[in-house]
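Take a look at the structure set out below.
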Amino acid sequence: MNSFNDFKLNRQLLNAVSDLGYETPTAIQQKAIPVVLGGQDVIGIAQTGTGKTAAYLLPILRLLNYAQENSPRALILVPTRELSIQVGNALKELTKYTDLRYAVVFGGQGAKEQIAAVSEGIDLLVASPGRFLDLYLAGHIQTKKIKYLVLDEAERLMDKSFISQFHRILEVVPRKRQNLLFSATMSELVKKIAGDFMAFPIEINIAPEVRTAETVSQVVYELPNIKTKINLLNYLFKDETFKKVIVFCKTKAIASDIGKYMERVYGLDHVRIIHGNKTQQTRINAMQAFREDEQLRFLITTDLASRGLDIPDVSHVINFDVPIIYEDYVHRIGRTGRAFKTGASLTFVTPADEYHIQKIQELIKQRIEKVQLPEKVEVLTTPYEERQEMLREIDRQKRKENPDFKGAFHEKKEVHGRKEVHGRKDFKSVKSKKR
Ligand code: AMP
């Protein structure tokens, strides 16, 4: 299952996936989507950052197919406000070409709007347990039609503060339903409770291989923008020990731009580009050439190439962009240092990536050494558009950590009627490095 097209999803969902820029299904998606579509109960062991949300939403959306009746047919229970908002955001994107309706309800704020959203008629309900029960007991939620029950971050739903509510909810939803349980770890408690209410669940364990290859040295460079990243590439590539290099980019567009640039500078014989828009055959040929042809120094690619590839003798992996699926970091750097050879990975980090690199370090339980940008690398100013996009991304991250965060970006945008953002700490630190 190398492509979303291999699943029995429909055009509306595939288009939404494509708009989101997802090229390849993640490990949990590859394993869970067919099983959920097949109607079986699932216990998925997967952390946040593995793509688990789409792993359960996509097949459920496919099974629900189109808007029907008014009471929810899928209930997604989540332990926190942040997660309910995140799942709501994912639903917004994934349902955009369908007529499926959803509502998100959680505690800590007034119920009025949430009640209104539910009473308009919905197909899916995302809820924290306490607020779900409040609304149910007050008669705002009908449970008779619920056919799919998802427990996201189940290990937290089953801790002491929630467990009685959780049992209560199980009493009020129909017995005949499909259950999907996702948890970061498979604790004894999760196992026991899952055993109590699931019949013969399929267990899918993709707990990431958090140990990064010990033979790979890892460093991080902090820099402000794409142009400076390119300057750093050029500086590094003067060194001939960079003899077989994979450069990972976050999107097809960036891979394509950087690839073409590299072709111009280093010559067509030394560069190959691989991403999801290339045909399967082109990708296979490029990969084979990179493996066998000594002259070919650079492979520019997206995460398409990070999973399960075996290319011997890769000297360096460069993360031109920090991966958003944190597990991919481990996959990417695992492309070098294979078979007892040593290798190096270099990760380029902009202010908008600080958050992600932090999360990656938590995942691999390791600090990655920061190295100074070499003096000779010219640091360029960040173009307006790129800077705005980074500020937006930083706002998104802050909102993820704190759903009440209003977004400095939008507030400050209008200050003095100018579309400039001043005094952002995140950028000051980088700007001060300018020489
Ligand atoms: P999750 O683990 O569900 O919180 O997802 C982590 C991040 O990965 C989210 O920002 C998703 O939008 C993104 N994501 C999920 N699936 C994919 C995929 N197949 N390719 C690229 N990004 C993905």
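Restrict the check to region 55-68 and report whether at least one residue is on the phi > 0 side of the Ramachandran plot, within 16 Å of the chain's Cα centre (by Cα) and within 14 Å of the ligand (Cβ to nearest atom). Checking region 55-68: not a single residue is on the phi > 0 side of the Ramachandran plot, within 16 Å of the chain's Cα centre (by Cα) and within 14 Å of the ligand (Cβ to nearest atom).
Conditions (1) in contact with a Leu (Cβ under 6 Å, 6 or more places away or on another chain); (2) among the aromatic types (Phe, Trp, Tyr); (3) modelled with pLDDT under 95, marked per residue:
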| position | (1), (2), (3) |
| --- | --- |
| TYR97 | no, yes, no |
| ALA116 | no, no, no |
| VAL126 | no, no, no |
| GLU155 | no, no, yes |
| SER164 | no, no, yes |
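Out of the residues in region 159-201 meeting the condition of being polar (S, T, N, Q) and not in a helix (DSSP H, G or I), tell me which one is surrounded by the fewest Cβ atoms within 10 Å (Cβ to Cβ).
So, considering only residues that are polar (S, T, N, Q) and not in a helix (DSSP H, G or I), the one surrounded by the fewest Cβ atoms within 10 Å (Cβ to Cβ) is THR185.
Going by the conditions given, is TYR22 part of a loop (DSSP other than H, G, I, E, B), within 12 Å of the ligand (Cβ to nearest atom), aromatic (Phe, Trp, Tyr) and in contact (Cβ under 8 Å) with a residue 12 or more places away in the chain? Spelling it out, TYR22 is indeed part of a loop (DSSP other than H, G, I, E, B), within 12 Å of the ligand (Cβ to nearest atom), aromatic (Phe, Trp, Tyr) and in contact (Cβ under 8 Å) with a residue 12 or more places away in the chain.
Being modelled with pLDDT of 95 or more and hydrophobic (A, V, I, L, M, F, W, C) is true of VAL322.
Quick check on region 354-374: of everything there that is of a type outside the set (A, V, I, L, M, F, W, C) and either part of a helix (DSSP H, G or I) or in contact with a Lys or Arg (Cβ under 8 Å, 6 or more places away or on another chain) (or both), which residue is surrounded by the most Cβ atoms within 10 Å (Cβ to Cβ)?
Across region 354-374, the extreme among qualifying residues is HIS356.
Among the residues of this structure, ALA90 counts as one that is free of Cβ contacts under 8 Å to residues at least 60 places away in the same chain, closer than 23 Å to SER183 by Cβ and under 19 Å from the mean Cα position of the chain (by Cα). Looking at the structure I just gave you, is LYS191 without any contact (Cβ under 8 Å) to a residue 12 or more places away in the chain and within 27 Å of the chain's Cα centre (by Cα)? Considered against the rule, which asks whether it is without any contact (Cβ under 8 Å) to a residue 12 or more places away in the chain and within 27 Å of the chain's Cα centre (by Cα), LYS191 comes out as yes.
The values are calculated or read from the model by the stated rules, or taken from the named source; none is laboratory data. These numbers were taken from a predicted model, which means no experiment stands behind them. Neighbour counts are summed over all protein chains in view; Cβ atoms, including those assigned to glycine, are modelled from backbone coordinates with ideal geometry.
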